[in-house]
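The values are calculated or read from the model by the stated rules, or taken from the named source; none is laboratory data. Treat the numbers as computed from the prediction; the structure is a model and nothing was measured. Positions of Cβ are backbone-derived with ideal geometry, glycine not excepted, and every protein chain shown enters the neighbour counts.
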Amino acid sequence: MNQAIIGGTGVYKLFDDKESVTVDTRYGSADVDLVTIDGFRFAFLPRHGRGHSVPPHRINYRANIQALKDLGIRFIYATAAVGSCSERFAPGDVVVLRDFLDFTKGRPSTFFEDGTEVRHVPMGEPYCRKLTEAFEETARDHRLWIKGSAVYVCTEGPRFETAAEIRMYARMGGEVVGMTSVPEVVLAREAGICYASVGIVTNMCTGLSEEEATLRQVQEAMSRNRAAILRACVDTFKRPMTKTCCEVPAAARV
Ligand code: HPA
């Protein structure tokens, strides 16, 4: 088993044939389900904990990624609920993430801070291109329409954004907004794990529609898409994958 899905808001309790384990790491513990589908085994990590009890700014991202690393995971697909701040994307659309703007504040966001080694991990391509392309191909086979690739703005949350913030993010090149992809993608890269992320647009961001986003609206929109997305993730896992990318190059060491 070397593949995992990290399920975000609205992506829980989907798998029956599973063994639930708690993995202890030096950063804390993480809940992971070891799932079997059609005889195929992979890890599923509910990002907000079992029962959606941990808010985005309190998630122990380091424990989550370290736990997957310790389980031998080398490929991760993440799902993320996002709001759209671009006219390219509307509620119900499915996107793949291509880059991010980081507006988080106080989150522990690196494995490299205890003085043993200074490293600067490249972020030229944070989301693994090979894994993303493999997902796009499988999605096509499943008739899951991927609307495009998007620049993700990560906010600190747990509050939604103001209208002025959304105008600023859009002007800076942000296209979708969420609260969890950073530092998750960064930590995966630091751990040398290939990481791709699929966003489900659940709402237009603040100020861009009459309706205010609510957690319930986000969860309902997720539930409409999650089965197809997870099926496409699992089928992508079944394709032969060799690890030739996303290792941290020695040149990144200082
Ligand atoms: N903002 C931030 N996070 C989100 C949103 C949003 O509008 N929708 C879903 N997650």
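Key figures for this structure:
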quantity: Among the candidates VAL118, VAL153, VAL94, residue that is under 17 Å from the mean Cα position of the chain (by Cα), within 26 Å of ASN60 (Cβ to Cβ) and of a type in the set (Val, Ile, Thr); calculated: VAL153
quantity: Where ILE73 falls short, out of the listed (1) touching a strand residue (DSSP E or B) at 6+ places or on another chain (Cβ under 6 Å); (2) within 16 Å of the ligand (Cβ to nearest atom); (3) of a type in the set (Val, Ile, Thr); calculated: (2)
quantity: Set ARG129, ARG107, ARG119: member being of a type in the set (D, E, K, R), in contact with a His (Cβ under 7 Å, 6 or more places away or on another chain), surrounded by fewer than 22 Cβ atoms within 10 Å (Cβ to Cβ) and under 26 Å from LEU71 (Cα atoms); calculated: ARG107
quantity: Test result for GLY106, assigned to a loop (DSSP other than H, G, I, E, B), within 15 Å of the ligand (Cβ to nearest atom) and out of contact with any Phe, Trp or Tyr (no Cβ under 9 Å at 6 or more places or on another chain); calculated: no
quantity: Residue selected from the range 133-160 under the condition surrounded by 23 or more Cβ atoms within 10 Å (Cβ to Cβ) and in contact (Cβ under 8 Å) with a residue 60 or more places away in the chain, by the criterion farthest from the ligand (Cβ to nearest atom); calculated: PHE135
quantity: Enumerated strands (runs of 3 or more DSSP E) restricted to the range 17-73, each holding at least 3 residues that are of a type in the set (A, V, I, L, M, F, W, C); calculated: 28-37, 40-46
quantity: Filtered residues of the range 118-170 (kept if over 15 Å from SER84 (Cα atoms), of a type in the set (D, E, K, R) and in a helix (DSSP H, G or I)); calculated: ARG129, LYS130, GLU133, GLU136, GLU137, ARG140, ASP141
quantity: Residue, modelled with the lowest pLDDT, within the range 210-233, restricted to residues that are within 10 Å of the ligand (Cβ to nearest atom) and farther than 21 Å from TYR77 by Cα; calculated: ALA213
